[in-house]
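Trainee: Let me begin by handing over the structure; questions about it come next.
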Amino acid sequence: MAQVKNKQVLLKHYVSGFPKESDLNIVDSTINLKLPEGSNDTVLVKNLYLSCDPYMRTLMSDPKASINPRAYVPQSPLTGYGVSKVVESGHKDYKEGDIVWGITNWEEYSLIPAAQIHFKIEHTDVPLSYYTGILGMPGMTAYAGFFEVGATKKGENVFVSAASGAVGQLVGQFAKLHGCYVVGSAGSKEKWIC
C-alpha cells in the first residue's frame, strides 16, 4: 500500500475576531493511497484547488457561540469547496482520473464521502481554478441570486451590498453586463459607495 506525505492545514483553536496565521497550523501527515477495505461510497482524491470563502470564518468559532452548527473541530483540517482529482473510488459514479468539485479537506489528499462531491467537472477548456470562483459557489450564488431570484431586467437600478466580496463583485459585473445601472457599497468603518 503506497503511503505518501499529506500536508494539512489545521485549526489550532476556536477563533474570536479576525483569524490570524497563528490560529492555523500546517502539518505533515501521511495517507495511504488505497481505499480502506469496505469503503463503499467513499472517494480518495488529490486536491488541486481549494476555495477560501468568507463563510469559513463562522465555522472557526466555538459552536456554542456560532450561528453555524457545522463548526470546525480544533486540531482537524479545515474543510471547504475544492477541485480534486479522483485517485481511487468506492462509488460507481466516480472513477480514477475524474475531476470533481465539492467539499473536501484542506490537505493534499482527502478521503471523503461521495455525497460531498457535488459534480464531476466535464468542461476542462477553462482553468480549473475558475471552479473555486466564477464557476464555483460564489459564481453560482451570484448568478442564481441575480438572474433567478432577483429576475432583474435590463435598465433597472441595482444596489449591491458588500460589492467587494466574492459574491457581490460578481453580481455587480453580471448587472453591468446585463445593462443595469449599478451602485455598490464596500466595507470599511464607514460604508462607501463605489
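Throughout, read-outs are computed from the coordinates displayed, never taken from laboratory work. These numbers come from a predicted model, not from an experiment. Counting neighbours? That spans all protein chains shown, and the Cβs are built from the backbone with ideal geometry, glycine included.
Trainee: Where the centre of each part is set by its Cα atoms, how far does region 74-108 sit from region 154-174, in angstrom?
Mentor: 31
Trainee: So if I place +1 on the C-beta of Lys and Arg and -1 on the C-beta of Asp and Glu, and nothing else carries charge, what would the dipole magnitude of the chain be about its Cα centre? I want it in debye, nearest 20.
Mentor: I would put it at about 440 debye.
Trainee: Which of the lysines could be linked to K7 by a straight reach, that is with a Cα gap under 16 Å, when you skip same-chain ones fewer than 8 residues away?
Mentor: K46
Trainee: What are the ³J(HN,Hα) couplings of region 87-100, residue after residue, when phi is run through the Karplus curve with 6.51, -1.76, 1.60 and θ = phi - 60°? Round to Hz, x for glycine and proline.
Mentor: 8, 8, 9, x, 10, 4, 7, 10, 10, 3, x, 4, 9, 10
Trainee: If each DSSP helix of 4+ residues adds -39,500 (n - 2.57) and the sum is divided by the residues in the chain, what number results at 222 nm, nearest 500 deg cm²/dmol?
Mentor: -2500 deg cm²/dmol
Trainee: Okay, next question. Sort D41, D98 by Cβ crowding within 10 Å, fewest neighbours at the top.
Mentor: Fewest to most other Cβ atoms nearby, the residues stand as D41, D98.
Trainee: Amide H neighbours of T79 under 5 Å, at least 5 residues apart or on other chains, H built in the peptide plane: list them.
Mentor: Distant-sequence amide H within range of T79: W106.
Trainee: In sequence order, what are the phi-derived ³J(HN,Hα) couplings for region 151-168 according to the Karplus relation 6.51 cos²θ - 1.76 cosθ + 1.60 with θ = phi - 60°, rounded to whole Hz, with x for glycine and proline?
Mentor: Those phi angles translate into 6, 5, 9, 3, x, 6, 8, 10, 9, 10, 7, 6, 5, 9, x, 4, 8, x Hz.
Trainee: If amide hydrogens are placed 1.01 Å from N in the peptide plane, which non-local residues have theirs closer than 5 Å to the one on E156?
Mentor: Correct list: Y181.
Trainee: Going by how many other Cβ atoms sit within 10 Å of their own, how do C180, C52 line up, fewest first?
Mentor: Lowest to highest Cβ neighbour count: C52, C180.
Trainee: Can I ask one more? If neighbour count is taken as other Cβ atoms inside 10 Å, put V4, V160, V182 in order from fewest to most.
Mentor: Taking fewest neighbouring Cβ atoms as first place, the list is V4, V182, V160.
Trainee: A further question on this structure: Could you list which residues have their amide H under 5 Å from that of A186, counting only those 5 or more apart in sequence or on another chain, with H placed in the peptide plane?
Mentor: A163, W192, C194
Trainee: A further question on this structure: Positive end of the charge dipole of region 1-146 (Lys, Arg +1 and Asp, Glu -1 on Cβ, about the Cα centre): tell me which of N105, A71, L35 has its Cα farthest that way.
Mentor: Working it through, the farthest residue towards the positive pole turns out to be A71.
Trainee: So, counting K/R as plus one and D/E as minus one, what does the shell of residues with Cβ under 10 Å around S89 add up to?
Mentor: -3
Trainee: Moving on. Could you tell me the relative contact order of the chain? Use alpha-carbon pairs under 8 Å, at least six residues apart, and round to a whole percent.
Mentor: Computed value for the chain: 17 percent relative contact order.
Trainee: Rounded to the nearest 0.05, what FRET efficiency do R70 and F18 have when you use their Cβ-Cβ distance and R0 = 22 Å?
Mentor: It comes out at approximately 0.60.
Trainee: Another question, then. Determine the alpha carbon to alpha carbon distance for each of K20/K154; K20/K120; K5/K95 and list only those over 32 Å.
Mentor: Beyond 32 Å: K20/K154; K20/K120.
Trainee: What spacing in nm lies between the two simple spin-label points modelled at L35 and D93, each 7 Å away from Cα in the Cβ direction?
Mentor: 1.4
Trainee: So, one more: Using Cα pairs under 8 angstrom and six or more residues apart, how large is the relative contact order of region 53-114, in percent?
Mentor: Rounded, it is 25 percent for region 53-114.
Trainee: Over the chain, consider all pairs of different Cα atoms and compute the Kirkwood hydrodynamic radius from their mean reciprocal separation; express it in Å, one decimal.
Mentor: Radius from the Kirkwood sum: 18.7 Å.
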